Each structure stands twice: as C-alpha cells, then as structure tokens.
Amino acid sequence: MQQQKMKKLQRPIPEEIIILILERLPPKSLLRFKCVQKSWNHLIRSPSFVTAHSNCQKKYLLFGAMYREHSYEFDDLYVHSSPLSLRFDEVQCKEYYRIHQQYDEYHKMHPEDADYYSRVLWYAASHGLICYTNDHMEYERDIFLWNPAIRKLKILPSPPRPPGLVLWLALAFGYCQKANDFKVVKILNSQAYKFAKQTIEVEVYSLNTNSWKTINGDNLIHTITVSQHDWVFLNSTAYFRGSNCEAEPTSEYYSTIVSYDTDKDIMKEIPTPETRDNFFFSYRSILVLNDSLVYFTGKPHEHSFNMWVLKQGGDTDKFCWEKKINVNVNLGQVKDSKVLAPRSNGEILLHETSANVLVSYDAEKDDDEDFADSWEKWFEPGRIQLSLRADPFSESLFLINT
C-alpha cells in the first residue's frame, strides 16, 4: 500500500502546471532555473513565455529625480539622478532595490570607449525595460535599452540618415501589445540650425527588426512644438503634449496633443478640451489611466484639477473629451501639487512639491490619503532635487536573447 502511494507521489507534474508556476517567479530566479534542464532553458527563452511572464509580474513604481548640473556646453544642464529607485506600490513606498546604470555591461561590449560617460538626459520605462539617452555624442546621442532585472543591455543602431546636426524635439518609448514589440519614436527637426523654419521628421525603431525607419513629407505637422517630458505611449501610439502655431497674421499658439501611430505611420493633432480663455493654466499633463488617455488641467496652487478622458469613435479621425471630475484635494497648508503617475489600484499619485510628500487620490470616491513623505531622502545626498518622476514598472525577461 505504501509503495502504491509513493508511486502516485512520484508522478511527474504536468507541464502546464510547471509553466504556470514559472510565469509567476521573478526573473532572477528564472535565470538560475535555465540550468535545471534543457527544456526549461528553451521554455524560458521562448518569446511566448517571455510575454506571458511579463503579464504575471508584480507592479511597482519606478522613481527618479532630476537635478541641475553645470556643463561646459550649457550654463544649466538638467540631468536625471542615478541610481533610480524601484519601490513597492503601497503606503510609505518601501524600496525594493536600486537600479544602477550599466557601466560594467557597456564597457564589456565597448572596451575601447574609455571616455564613455553615462549621464542620463532622458529615460522611459515599459514592461521591465528602461530606454535612455546620454550626451557623450556631439550630434547624435546614443539610445540604450536596459533590463536591470537580468542585467541585459542593448545599444540601438544609428538611424539611416546622413550625419549632421539635428534638433531632437521629443522621444517616446513603449510596448506594442499586438505586435509584441517595443518601439522608440523620435520626433526631430532636420534643419541645420536651431532657429531655421523647422522640417519635421519622425524616426521609429522596432526591437523585433532591430532597425529604424524614417517618415517625412507633407503628411506630418510642421508647426508643432512638443514637450520632451510630457508624453505617453498607449496601444502602439505615442502622444505628446505640445502647442501649435496658427497661420499668419495672428501667429497665436494654442494647446494641442500630437499623436503618432507606429502601426500606420500617421501623425495627428488632437485638440485639447481647453478654451482660449483658460489657455494659460499653470498646469497641464497627460497620463494613461485604465488604458485611456487622460488630460489634466488646472491650477495646482488652488489644489484643483480638471480630469478629461479621450474618447475615440468608430471613425478613428473623430475624437472627443469627456470631463470626468474636478479634483479638489484637501491639502491644508500645502501649496503647489502636480499629477505624478497612475497606481496599480487605479488611484492617482500626486506630488506635493512644497512639502515633499506624495498623496494617493481615488477619483471614484473623491478621496485622498497620505502615501509617502520625505522622498528627497531616496536619492543622492548633497544635490538639489528639482523634480520627482514616477513610472509604473514591472520586471521582465525581455532582452534575454540579446
């Protein structure tokens, strides 16, 4: 009888159960499990498993800060603090671990580049990857993809265009779920000097093909000015908050959102819900919340925000804004606040800049609660932190086959 029980216990675990278990393990554990047997190594490296694993991972918040640094080229250079801080999406935001830059990995790949200096001027995060640029190139900054969980680094190839001075207007990075691909969208002015009449070009990088394509011509909007830091990536489309200049003789600027669809290579302009009377809001921001594009306007010193959600009809050229709520946050004596990031529970993280505290706001209940305080202690001491940034983040195996 006992032998029969032992035989039952020794029956192999079904492969489907093994896969479900492995999908929920952190990437560092899976790197060790590749050595268990060849079939596990093959499974963990397969694109389908990498995607499924990413969808099962715990959600965190990735925090970074920006400070001012003196440069010989510029009087003031705004640089992102290193390292970044990956924290649990819960009250008081306990740190999970620090994400350091990839100096060692880079020098293994390029030992000849002794002058390499990873000063991060821009970064974005999506599905476990961090995309960033630095300024060690005179005309063209390198772009990197970095997976800190598995310590994999990829240097993107240069775009196929003649060398020369270009002015980067904006950059976006995100994951395209339908194509299971990562895209980098670069909007640039291809004129030879900064104050010439700009000629807009768009360059799009695909991780699947490891290549760039360039889009130019009359179908692009050549009168736009877009924000380098206020953008989102949603459903294969990059959205940039910006402004546009009307035709002469008035030449007035108006607030707008510029979208670029990486599937169809189409640039569109989406009017914002503002009127001319309230164009000079002291605060504007765009965010992805519950898989929708959300636009915030308001005056932070009055602790009031208008929250609008973009609705798109069957005709993809038709857009409308639905005003959801007027956010009134009870902050007592605190002045100056801004929308920071969406949380995994659907709430909105607000940054009270004058008090260095974070507040979590529930739009459905119109209720807010303290989330974390003294965030400036999370980063490098002795530097004046100018702004705080937060992004949703989860670990992944992407780039494991790089």
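The values are calculated or read from the model by the stated rules, or taken from the named source; none is laboratory data. Note that this is a predicted model, so its numbers are computed, not measured. Using ideal geometry, Cβ is built from the backbone for each residue, glycine included, and neighbour counts are taken over all protein chains shown.
Annotations for the structure displayed:
- Of the helices (runs of 4 or more DSSP H) entirely within segment 34-133, those holding at least 2 residues that are modelled with pLDDT of 95 or more occupy 38-45, 47-55.
- Residue among ARG383, ARG389 that alone is under 23 Å from ALA65 (Cα atoms), modelled with pLDDT of 85 or more and basic (Lys, Arg): ARG389
- Answer residue from segment 298-335, given it is more than 24 Å from the chain's Cα centre (by Cα) and on the phi > 0 side of the Ramachandran plot and is modelled with the highest pLDDT among those: HIS303
- Count - residues of segment 191-219 that are modelled with pLDDT of 75 or more and in contact with a Ser or Thr (Cβ under 9 Å, 6 or more places away or on another chain): 11
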